[in-house]
Amino acid sequence: MRVFAICQDELVIRTLDEVLVPSFEVDFLVENKQLARRLHEAGLEITAGDPRRLDTYIKADITPTTCFIVEDNGRRSIRKIVAALRNAGGTLVYVLHTAPPAVRQRAAEGLKADFPDLAHFDISELIRPTLVTELSRSMTRARVQQYQRYFADADRVLILLHNDPDPDALASGLALRNLLRRTKTTAIIGAIQGVTRPENLRMANMLDIQVEAVTPALLQEFERIATVDVQPHYFGGILDRADLVIDHHPEQPGYSAVFKDIRADYGSTCTILTEHLRAVDVNISERTATAMLYAIKSDTLFFARHTNRVDLEAFTFLYPLADAALIRKMEGAEITMERLDYVTRASQGGILREQVFSAFIGEAPREDFVPYTADFFLQLEDVKWTIVAGIVNNCLIVSVRNIGYSRNAGEFVKRWFAEIGNAGGHRAMAKAVVPIERFREKYGNIQGPDITARIADMAEQFLHEPTADKRREPVPR
Ligand SMILES: [Mn+2]
């Protein structure tokens, strides 16, 4: 593709030449003969000529796909230049503004009246993204180097994760250990309650991430403690300070930290840690990149929720470093024999009515069987809502899922369960946790199939109720 650039300033010409060649064939046109001669001698494709004359362009062999860049430095109107090259058949015209903002704006507005289809860009806009990224990276670099030094001479380091660590927590542990240039013997990744969900256990096994069990008493034995994907307040008083906190949940009071990097607008903690790793040029192993990529995918539901531009950037950066086949394998790990057992129970006892699938799956040893079963039945062609309940530790857990339905899952759980327990969620996903005795006080001493029937009735009633307020609720995190 050919670019024809009409410019006056040497810096602009040299910059465009470096940026566009060799992707494009570029010809420069300047008015100043001396400048043309000098740059020609420097090897640039440049001619001197009058940019306001039609002849200049006719001689230049223009086609409808030739791109024009016209520099507007604010010193003299470019109206005649644009008119001439338009008359010569030029259609793809870009104005590159290099004047100060006020001058630039006036010039752009003046041109708009006569030439509404010109494309405008500012030289500052072209520089900004890279410069801002670079400068913020250097601030991150300073911050990372500080905590690296602070952790450097410690004997025993703990990277503490939240209970039942998820992929973001596990991968963040690995990433931070990398940043601290430590191994599993010199920095322990630990949790007070370990991994339970099968897919997370499988991730930990496949990537060889060892999560050590730590007790509150054991915390004293560490010289330095960092928390990732969680803040110290989460541990309910047993940890009132940390040396380093890296998290993407909203900042909480009630603890002190020597260093912290909390960015609540990021979709995952691994996104923050990707920036840390990039800032200090640490080698990222395939294992760490795979874990982090999987974590970003999983915390953002593959960018379906709470995704920030930086999450996409981190994903793009990690993708070539990771083992995509391994991620596919980890994602396939959700099916286990014991989960199929609850799916079977739901399929035998469930009710499918008006595209709503309701089921009570009885007692379960872990909570995840309930949402897993709800997700599973949502895959059925005829199903638009799933409401699955199960009893875990004397609480009724209710998981609600839907696709493309006009009513809100969060409202459903609040409507029936907020009064007797915890209920919340958003349009497509919601959960309620209710002590079973409170459920029975309110809805009668019902068991097994009667609970399924009761849930199905709740759904039917809810979905037929007129909606008082059709405004969309803000989606909680
Ligand atoms: Mn997270």
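The values are calculated or read from the model by the stated rules, or taken from the named source; none is laboratory data. Since the model is a prediction, treat every value here as computed from it, not as a measurement. A quick note on method: Cβ atoms are made from the backbone with ideal geometry, for glycine too, and the neighbour counts reach across all protein chains shown.
Within the range 39-58, being closer than 19 Å to LEU92 by Cβ and out of contact with any strand residue (DSSP E or B) (no Cβ under 6 Å at 6 or more places or on another chain) holds for LEU54, THR56, TYR57, ILE58. ASN73 falls short of the stated requirement of being assigned by TED's automatic domain parsing to the domain that holds LEU111, in contact (Cβ under 8 Å) with a residue 24 or more places away in the chain and exposed (fewer than 14 other Cβ atoms within 10 Å of the Cβ).
Look at (1) among the small types (Gly, Ala, Ser); (2) within 16 Å of the ligand (Cβ to nearest atom); (3) assigned to a helix (DSSP H, G or I) and you find that GLY267 fails only one, number (3).
Against the numbered list (1) out of contact with any Lys or Arg (no Cβ under 7 Å at 6 or more places or on another chain); (2) free of Cβ contacts under 8 Å to residues at least 60 places away in the same chain; (3) not acidic (Asp, Glu), ILE387 comes up short only at (2). In the range 228-244, of all residues being out of contact with any Gly (no Cβ under 8 Å at 6 or more places or on another chain) and among the hydrophobic types (A, V, I, L, M, F, W, C), the one that is farthest from the ligand (Cβ to nearest atom) corresponds to ILE238. Does any residue of the range 52-70 turn out to be under 20 Å from GLU18 (Cα atoms), part of a loop (DSSP other than H, G, I, E, B) and in contact with a helix residue (DSSP H, G or I) (Cβ under 7 Å, 6 or more places away or on another chain)? No; the residues of the range 52-70 include none that is under 20 Å from GLU18 (Cα atoms), part of a loop (DSSP other than H, G, I, E, B) and in contact with a helix residue (DSSP H, G or I) (Cβ under 7 Å, 6 or more places away or on another chain).
Scan the range 245-262 residue by residue and report those that are surrounded by 18 or more Cβ atoms within 10 Å (Cβ to Cβ) and either within 16 Å of the ligand (Cβ to nearest atom) or in a loop (DSSP other than H, G, I, E, B) (or both). Selection gives VAL245, ILE246, ASP247, HIS248, TYR255, LYS260, ASP261. Could you grab the pairs with beta carbons closer than 6 Å, sequence gap of 6+ or different chains, first residue in the range 202-225 and in contact (Cβ under 8 Å) with a residue 12 or more places away in the chain and under 17 Å from ALA175 (Cβ atoms), second one in a helix (DSSP H, G or I) and among the aromatic types (Phe, Trp, Tyr)? Matching pairs, first to second residue: ARG224/PHE151.
Inside the range 96-111, residues that are closer than 18 Å to ALA5 by Cβ and within 34 Å of the chain's Cα centre (by Cα) make up a count of 2. Of the residues contained in the range 68-83, one or more are found to be among the polar types (S, T, N, Q) and at pLDDT 90 or above.
Among the residues of the range 149-156, are any of a type in the set (Ser, Thr, Tyr), out of contact with any strand residue (DSSP E or B) (no Cβ under 9 Å at 6 or more places or on another chain) and farther than 30 Å from GLU367 by Cα? Scanning the range 149-156, I find no residue that is of a type in the set (Ser, Thr, Tyr), out of contact with any strand residue (DSSP E or B) (no Cβ under 9 Å at 6 or more places or on another chain) and farther than 30 Å from GLU367 by Cα, so the answer is no. Residues in the range 165-197 that are closer than 27 Å to ARG366 by Cβ and touching a Cys at 6+ places or on another chain (Cβ under 7 Å): ASP168, ALA171, SER172.
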